[in-house]
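These notes concern the structure reproduced below.
Read-outs: derived from the displayed coordinates by stated rules, not from any lab. These figures come from a predicted structure and were not determined experimentally. Backbone-built Cβ (ideal geometry, glycine too); neighbour counts: all protein chains shown.
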Amino acid sequence: MLDCASAVGMDCIVKISSWDRIKIHVCSLLCGLWILLKRFLLRLWNANYAGGSSEKRGSPPACLLEANLGSHSYVKLKGVKLHYVECGGGRDRPLILLLHGFPDCWIGWRQQVPVLSSYFRVVALDLKGFGDSDKPLSARSYQLSTVVAELRSLIAALGVRSCMIIGHDLGALLGWFLVHCYPDVVTKFVAISCPHPNVYWTCLPKTSAFNSRWLHLSQLPSLAEMEALTNDLGIIDQCYQHLKSRKGQEEYLDAYKYTFSRREDWTGPINYYRNLPFWRVGEGRGAVNVPTLLLTGNKDPWVNLESIVKSSDYVEKFLVKMVEGAGHFPHQECPDAVNKLLLSFLIEKPQVKSPQKESSLGLVNRMFSSTMWYGKEMLDVVQKTTSGVAGIPTRALALAQSAS
């Protein structure tokens, strides 16, 4: 890894090696040639093949405009206007910043905002390039140092020095960089369905929608956007199968297809993937001290549990939780279970410890209590119950075996 980032606060971020960059670009070129050949053959076979046409869909679905989830607001940061929805009382409450994934927007948090706003001031953001936020077309606008600095400025613009971050997928990936670069502005961090950046790119499942092929395709201009628009936004149907199978959720599927109906609606989101794969956190920087909840679904086709467990190496205090029956969108698929976990982690509770009781138990026996402390780390290792939650970090198992 080479080339430390130059921005203030970004000195912990490093570029991947020149050889790794060359491999990505070579694979991207090969992938692009294959896609162009495939599209050429499809046009020969079917003269009416549109393959990536862009067309805005009528009026926005009502769920994108309703104010029942909070007030719609905008903030301008150095020429970039960001849209967000805020709910949960005045500025005297602790702030939670919700960062959605890809392809998504603020509406993805619709089942968390009402619950969290009973205790916190909640802001659900449209990341730059998404939804009603500005959509710069240049990939340079989505450089890691720029995006992370904008998120830090946003927190200050919201009138607080620090806040809690809950991120899903791409939003959690940005959250990981934020807690490493500016740990003073994040009091607690929740990463949903997203490994640490140093693990993320090496653990892309080959069978997922966003695998290494998608990563390579994203490096090329326009092709990824064209592919995303094919088959009447089939990529949206593939991502949100849980909405197609549930009664009353069709409106939200329409909202996503409206939000991503034009080519320019994809360019900004894809630009993140034209930048982020080339950056990592420097391995010598040590673990961050921000309490972190690592949450994933046990049926996630895009993220494996091993990558989530490996991510715990980069934080000193962590919890690992697995939501039974959930895929890549556990906060949408199993909202009640996820909301319960979020509130348990985010709401401060007095820590009551009994040294005498702990000293009388072996480490292996204590592995199956609901929560245990080991050194500076907080390990959550619960057996599967009817609550559908389980998490057994391999580091804890290794420590237990060596102790026994």
Under the classification rounded if a/c is under 1.5, otherwise prolate if a/b is larger than b/c and oblate if not, where does the range 227-312 fall, given a ≥ b ≥ c as square roots of the Cα gyration tensor eigenvalues? oblate
Which of the peptides 235-248, 33-46, 261-274 is most tightly packed, and how do the rest follow, going by the mean number of other Cβ atoms within 10 Å of each residue? 261-274, 235-248, 33-46
For Lys340, counting only aspartates and glutamates whose alpha-carbon sits under 17 Å away and dropping same-chain residues fewer than eight positions off, the answer is Glu324, Glu348, Asp380
For the range 187-338, what class follows from the C-alpha gyration tensor (a ≥ b ≥ c being the square roots of its eigenvalues): rounded when a/c is under 1.5, otherwise prolate if a/b is larger than b/c, else oblate? oblate
For a test of the definition: using alpha carbon positions, the gyration tensor, and the 1.5 limit on a/c, classify the range 72-131 as rounded, prolate or oblate. oblate
Of the cross-linked pairs Lys76/Lys257; Lys78/Lys188; Lys188/Lys321; Lys135/Lys247, which ones have a Cα-Cα span greater than 24 Å in the structure shown? Lys76/Lys257; Lys78/Lys188; Lys135/Lys247
